[in-house]
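Reviewing the structure listed below.
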Amino acid sequence: MRDRSLPAFTEEGGNIKLRPLDEGFREPSAPLQRFVAQARLALGRSPSSVRVLDVGCGRGDTVAWLCEQGYDAYGVDVRADYLDMGRGFLDRVGHGGGRLREVVDDRYPFDDGSFDVVLSDQVLEHVVDLDAFAREVARVGAPGSTGLHLFPARWRPVEVHMKTPLVHWLPKGRARRVALHAVLGLGGGASYFDDLALGDRVEVFAHYADTETFYRPLSAISAAFARQGMRVDVTRPSRERVAARLPAIPEAMRPAAGLLYRTMFSVCLETVR
């Protein structure tokens, strides 16, 4: 149990999700932008008739961007405080703050088959109940709907949130705390909560690592979506990502490069309902 006198890792001052969206929203990543554009072209419809859901939307940056591009976009998140950072902005610019909605008991507040495209970006590594996540993605997706889910690979050498090398490879609990003590004590990791004593910093990082990060085998993640009747592809998207980032890589080497990329760096998982 976390010492309530200590801050939560997500309360760090640099957490952009706790800043009002009025300061300007961030554009989604290039792969996500391309995916939505390609999905619209495949549907043969105008953006305004394409309904998009961003799961784990935070304060709604991606939703705001999609609305600016003309899409009928919505977002859900488990954190009401994050959602509140974006609702006022969306109201003021005429898109409607009601587009950002809270997840309740693992269920999204939308009818079955509501969306043509379902997205998540840097979310799956935080999901406690993977089957519930996949079930809701399948439920709110219309027949034939597509999805893109971007998340850090299990064996990525440096954990993307804590900036700690190899710690997330270890079992949760004492092993991680010992490793975090060593990494933070040597000046490594994200420079969060530097005003705390080392032992307290370790506890803040360790609680986050144990309760809010879940690095699973890619096969287990793919299987969860497949159990809900969705087709899953991680191979082609990873090859395309490598080709986009490193165009000089010969065609013959892209399968191996794609495997390395989705194993050691990031995963692009596409679904079809």
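The values are calculated or read from the model by the stated rules, or taken from the named source; none is laboratory data. Quick caveat, the model's predicted, so the values are computed rather than measured. Using ideal geometry, Cβ is built from the backbone for each residue, glycine included, and neighbour counts are taken over all protein chains shown.
Select from the range 59-84 the residues that are more than 18 Å from the chain's Cα centre (by Cα) and not hydroxyl-bearing (Ser, Thr, Tyr) and list them in ascending order.
The answer is Cys67, Glu68, Gln69, Gly70, Asp72, Asp84.
Can you find a residue in the range 186-195 that is loosely packed, with under 14 Cβ neighbours inside 10 Å and either more than 16 Å from Glu12 (Cα to Cα) or aromatic (Phe, Trp, Tyr) (or both)?
Yes, the conditions are met somewhere in the range 186-195.
State whether the residues of the range 91-104 include one that is among the hydrophobic types (A, V, I, L, M, F, W, C), farther than 22 Å from Glu23 by Cβ and buried (at least 17 other Cβ atoms within 10 Å of the Cβ).
Scanning the range 91-104 turns up at least one residue that is among the hydrophobic types (A, V, I, L, M, F, W, C), farther than 22 Å from Glu23 by Cβ and buried (at least 17 other Cβ atoms within 10 Å of the Cβ).
Among the numbered criteria (1) under 30 Å from Arg239 (Cβ atoms); (2) in contact with a Lys or Arg (Cβ under 9 Å, 6 or more places away or on another chain), which single criterion is violated by Gln69?
(2) is the only condition that Gln69 fails.
For Arg241, work out the one condition from (1) crowded, with 18+ Cβ neighbours inside 10 Å; (2) part of a loop (DSSP other than H, G, I, E, B); (3) not hydrophobic (A, V, I, L, M, F, W, C) it doesn't fulfil.
The number of the failed condition is (2).
Return a yes/no flag: does the range 5-23 have any residue that is closer than 24 Å to Val242 by Cβ, surrounded by 14 or more Cβ atoms within 10 Å (Cβ to Cβ) and touching an Asp or Glu at 6+ places or on another chain (Cβ under 9 Å).
No, the range 5-23 has no match at all.
Determine if the range 64-85 includes at least one residue that is buried (at least 19 other Cβ atoms within 10 Å of the Cβ) and touching a residue at least 60 places away in the same chain (Cβ under 8 Å).
Yes, some residue in the range 64-85 is buried (at least 19 other Cβ atoms within 10 Å of the Cβ) and touching a residue at least 60 places away in the same chain (Cβ under 8 Å).
Please find, within the range 110-129, the residue that is nearest to Val76 (Cα to Cα) out of those that are in a strand (DSSP E or B) and more than 16 Å from the chain's Cα centre (by Cα).
Residue satisfying both the conditions and the ranking: Phe115.
Surrounded by 14 or more Cβ atoms within 10 Å (Cβ to Cβ), assigned by TED's automatic domain parsing to the domain that holds Arg177 and among the small types (Gly, Ala, Ser), is that true of Ala223?
No: the conditions fail for Ala223.
Being small (Gly, Ala, Ser) and touching a strand residue (DSSP E or B) at 6+ places or on another chain (Cβ under 8 Å) is the filter here, so list the residues in the range 155-207 that pass it.
Gly188
From the list Gly56, Gly44, which one is within 18 Å of the chain's Cα centre (by Cα) and either at positive phi or acidic (Asp, Glu) (or both)?
Going through Gly56, Gly44 in turn, just one is within 18 Å of the chain's Cα centre (by Cα) and either at positive phi or acidic (Asp, Glu) (or both): Gly56.
Could you list, in sequence order, the residues of the range 69-100 that are among the charged types (D, E, K, R) and either outside the structural domain of Ser120 (by TED's automatic domain parsing) or in contact with a Gly (Cβ under 7 Å, 6 or more places away or on another chain) (or both)?
The answer is Asp77, Arg87, Asp91, Arg99.
Taking Phe205, is it touching a Gly at 6+ places or on another chain (Cβ under 8 Å), closer than 30 Å to Glu12 by Cα and surrounded by 14 or more Cβ atoms within 10 Å (Cβ to Cβ)?
In short, yes.
Just to be sure, is His126 of a type outside the set (Ser, Thr, Tyr) and not assigned by TED's automatic domain parsing to the domain that holds Gly44?
No; evaluated as a whole, the condition is false for this residue.
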